[in-house]
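The next block holds one structure in the form of structure tokens; read it before the comments.
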Amino acid sequence: MNIRSLFFAGLCILFSISTKAQDHSDCRYGEITAADFNIKAEKFDSGANAIILADIAKVSFEENETRDFDVLYERYLRIKIFNKNGFKAGEFTLYLNMYADHSFFGNQPKPGLLDIKGVTYNLENGEIHRNYLDLATVYSVKENRNLMSKKFVMPALKEGSVFDV
């Protein structure tokens, strides 16, 4: 190994120690103000139909009853709709891998989706109206033996709506 390779490896280690992901966001699920409705498309992209205001994800591990670990993905998304062409941003399809090898590991918990929460906010006469996602409108489609999808649309979308999911 020459000195150049050793120097480059040292730099990589040094920079990897000092890197850190973003931990803090001012955007929280369910916390919205009238100022959030004043965001204009021209500030970002004058041709935008909708804009993502926040997209925050977290991955964690939780021990299950077989003393193995489940991977838990949590995602928070806030979007503002500018016009009727942006309604498509409120349509969601989540794909779930339902495969679990029961032959080797014994009885494992069934993989799947734990929870979905969503709310659409509309500003009318200076008041914020909330329309919550009804879990009865979330439907499942079995794509194949090991793949399932969950589909839903955010309720009460209008031009100017902001929604959290």
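Descriptive notes on the structure:
Yes or no, residue by residue, for (1) more than 19 Å from Asp164 (Cβ to Cβ); (2) of a type in the set (Ser, Thr, Tyr):
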site	(1), (2)
Arg28	no, no
Ile39	no, no
Ser46	yes, yes
Asp55	no, no
Val59	yes, no
Glu62	yes, no
Arg67	yes, no
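- Residue pairs meeting the criteria (Cβ under 7 Å; at least 6 apart or on separate chains; first within 20 Å of Cys27 (Cβ to Cβ) and open to solvent by less than 100 Å² (accessible area, probe 1.4 Å), in segment 51-70; second basic (Lys, Arg) and assigned to a strand (DSSP E or B)): Ile51/Lys80; Leu53/Arg78; Leu53/Lys80; Ala54/Arg78; Ala57/Arg75
- Boolean, Glu74 is open to solvent by 60 Å² or more (accessible area, probe 1.4 Å), at pLDDT 80 or above and charged (D, E, K, R): yes
The values are calculated or read from the model by the stated rules, or taken from the named source; none is laboratory data. Being a predicted model, the structure only gives us computed values, none of them experimental. Every residue, glycine as well, gets a Cβ built from its backbone with ideal geometry; the counts of neighbours run over all protein chains shown. Side chains are part of the model used for accessible areas, which takes the heavy atoms of the whole protein and leaves out ligands, DNA and RNA. Shrake-Rupley method; radii C 1.70, N 1.55, O 1.52, S 1.80 Å.
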